[in-house]
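K.L.:
Pasting in a structure now, in structure tokens, and then I'll have a few things to ask.
The values are calculated or read from the model by the stated rules, or taken from the named source; none is laboratory data. From a predicted model like this one, the values you see are computed outputs, not experimental measurements. Every residue, glycine as well, gets a Cβ built from its backbone with ideal geometry; the counts of neighbours run over all protein chains shown.
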Amino acid sequence: MRKYEIMYIVNASLDDDMRATEATNIEMLINVNGGTIVKTDDWGIRTFAYPIDHMIKGHYVIVDFDGNNETVSELHRLTNINKNIVRFMITQKN
């Protein structure tokens, strides 16, 4: 298993319950597809450097996890079609 990190931005206009649901969904996707969560870091709401889809703020979350190629590809696929996630980036850690 390799070490990965996903940084994702949730739409800031969502209420706290919806944001918690999105975080739970991401963690569930990782666990169901053979990954394990190492650490979750919630940065909270931050202002963007430039507007994204007419939004100026977003809720940032970083999750460190162990997984394989299937975990990452499925996480990428499902996060890409989620309308509540503004942006995301998955990187492999050394």
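K.L.:
I want to confirm something. Restricting to the range 40-94 and keeping residues that are assigned to a helix (DSSP H, G or I) and surrounded by fewer than 10 Cβ atoms within 10 Å (Cβ to Cβ), which single residue is nearest to the chain's Cα centre (by Cα)? Working first, answer last.
P.N.:
Step one: of the range 40-94, the residues assigned to a helix (DSSP H, G or I) are 69-80.
From what's left, surrounded by fewer than 10 Cβ atoms within 10 Å (Cβ to Cβ): 69, 80.
Details: N69: 17, N80: 10 Å.
Checked the range 40-94; the qualifying residue nearest to the chain's Cα centre (by Cα) is N80.
K.L.:
Condition test on D41, is it at pLDDT below 95 and of a type in the set (D, E)?
P.N.:
When the stated conditions are applied, D41 does not pass them.
K.L.:
Output yes when any residue across the range 48-65 is of a type outside the set (K, R), out of contact with any helix residue (DSSP H, G or I) (no Cβ under 9 Å at 6 or more places or on another chain) and at positive phi, and no when none is.
P.N.:
Yes: one or more hits.
K.L.:
Of the numbered conditions (1) part of a helix (DSSP H, G or I); (2) in contact with a helix residue (DSSP H, G or I) (Cβ under 8 Å, 6 or more places away or on another chain), A23 satisfies every one except a single condition; which is it?
P.N.:
(2)
K.L.:
Could you look through the range 80-94, keep only residues that are closer than 18 Å to V38 by Cβ and touching a strand residue (DSSP E or B) at 6+ places or on another chain (Cβ under 7 Å), and pick out the one that is modelled with the lowest pLDDT?
P.N.:
K93
K.L.:
Is it fair to say D53 is free of Cβ contacts under 8 Å to residues at least 60 places away in the same chain, among the acidic types (D, E) and closer than 12 Å to E5 by Cα?
P.N.:
No, not satisfied.
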